[in-house]
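Every number here is computed from the coordinates shown, using simple stated rules; none is lab data. Everything numeric in this text was worked out from a predicted model, so none of it was measured. For neighbour counting, all protein chains shown are included, and Cβ atoms are generated from backbone atoms with ideal geometry for every residue, glycine included.
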Amino acid sequence: MRWEPVEPETFLWLSGTAWSAIAAIATAVAVLIAVLAAILAIRQLRLTRELEEEKARPYVIAFIDESQADRQILDFVVRNVGSTAARDLIVTLDPPYVRSSELEGNEFGRVRFLREPVSMLPPGGELRNFMDTTRDISTSGRTRVPMTVRLEYKDRLGKTQKDSYVIDPFDRMGSVRTEILGLHSIAKTLRAIAKKQGINNF
């Protein structure tokens, strides 16, 4: 009896061994894709969580604002524009600000929120202190020295947040704008008229 080699079974011109190799490669590729998808999903979850934490944190800013009473009056303002309360807020000015015309016992730096921590500043809450007038600044001959405002506070989880801003009262010097008269101007005019009429309790 003569021995004849048995032809291996094929499918689409590939042997069973070749198909096994292809299946192994396909499985490895599928596992790799699954791992990459899991990594991307974890990263996306982390970014989403960080974004939600950022939205939920207090966000305290510092700036110079014109007073509603008179646009030449400048107020120093610290405001929480975040969605949760800022706790144990510490406000530091470098260098400390001195008004062009200070009143003894009522100096700018003596305001309480510049000397002591503020236990809580709610969302939308602000701290405001008369800073100076543009008229006094322009005539005082003082040197232009921008200030760095450093803010340190805790969020709802007790995590310390730190922000800093550079503000400069001289930024508004020389600006020309249309004057808009509001309720305060009306009240001042009525008071002047009442005074002329001899009405003193207005």
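Per residue of region 102-110, in order, report the coupling 6.51 cos²θ - 1.76 cosθ + 1.60 (Karplus, θ = phi - 60°) as ³J(HN,Hα) in whole Hz, putting x for Gly and Pro.
Using θ = phi - 60°, the values come out as 8, 9, 4, x, 10, 5, 4, x, 8 Hz.
Whose amide H sits under 5 Å from the amide H of Gln161, counting only residues 5 or more places off or on another chain, with H placed in the peptide plane?
HN-HN under 5 Å from Gln161: Tyr153, Lys154, Asp155.
Under the 0.36 nm per residue contour assumption, what length would be gained going from the current alpha-carbon distance of Leu32 and Glu102 to full extension?
18.1 nm
What is the fewest-to-most order of Phe76, Phe63, Phe108 by other Cβ atoms lying within 10 Å of their Cβ?
Phe63, Phe108, Phe76
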